[in-house]
Amino acid sequence: HLEFWHPAAQEGWLLALPQSLQAYWSGAFGWHDQELAAEQLEAQIERMVNTYSVDPDQIILAGTGAGAELALWLALSGTINANGLLLINPDGPYLRDKDSWSKVYDYEQAAERNLRGLVLYDSSAAYIIEENLDALRQELRQNGIPLEMETFTAPSSTGYPEDFIEELPDLIDRVLFG
């Protein structure tokens, strides 16, 4: 889904779309082992920081589905010092289990970094648990982490909002600057 993120690069953002090394089968990859994913992504980000001029105060983690949950976990656990989250249709075991949040998320360090986020989710997707997304928003806000949420109806099987490509630069600004 590279085409959905291309506008960020056109606006001058350094864009990384990491490919998981965790194979399901030939040509199919996922982030099913979060600890291994964290190691892979930390190494990839370190390579980027050593290769390019990266402003550490303007790092956004983004993803869709399980990748969105991984981005959330990486930022809230302090594994990657991101300042923004852009989560599209987040789903995964942590989001389904509200009782696990206080065990895996470090809200204090995330709030100190001024982490803020935006969740876009397809209101017609059967796997989205709106009650948990609302609870997550409340939990983050109570801990000083602003999180906005917006619903959409995906026009196709892409899982992205219809106007995502046009809106991406504005979404990035909202995530970083409110």
Simple spin-label estimate for Ile80 and Gln138 in nanometres, 7 Å along Cα-Cβ: 3.0 nm
Rounded accessible area of Leu14 (nearest 10 Å², 1.4 Å probe): 80 Å²
Length gained when the stretch His32-Leu17 is fully extended (0.36 nm per residue, less Cα-Cα span): 3.7 nm
Area of Glu39 that stays accessible when all protein chains are in place (1.4 Å probe, Å², to 10): 120 Å²
The range 1-74 - convex hull of the alpha-carbon atoms, volume per residue in Å³: 103 Å³
Shape parameters for the chain, alpha-carbon atoms, Rg then Dmax in Å: 15.4, 43
Where Rh is the Kirkwood radius over Cα pairs, Rg/Rh for the range 61-145: 0.92
Met149 accessible area, 1.4 Å probe, all protein chains in place, Å² to nearest 10: 30 Å²
Solvent exposure, largest accessible area first (probe 1.4 Å, DNA, RNA and ligands not counted), of Phe29, Phe152, Phe164: Phe29, Phe152, Phe164
Relative contact order of the chain, pairs being alpha-carbon contacts under 8 Å that are 6 or more residues apart, as %: 20 percent
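The values are calculated or read from the model by the stated rules, or taken from the named source; none is laboratory data. Note that this is a predicted model, so its numbers are computed, not measured. With ideal geometry, Cβ positions are generated from the backbone for all residues, glycine too; neighbour counts draw on all protein chains shown. These area figures cover heavy atoms from the full protein model, side chains too; ligands, DNA and RNA do not enter into them. Shrake-Rupley method; radii C 1.70, N 1.55, O 1.52, S 1.80 Å.
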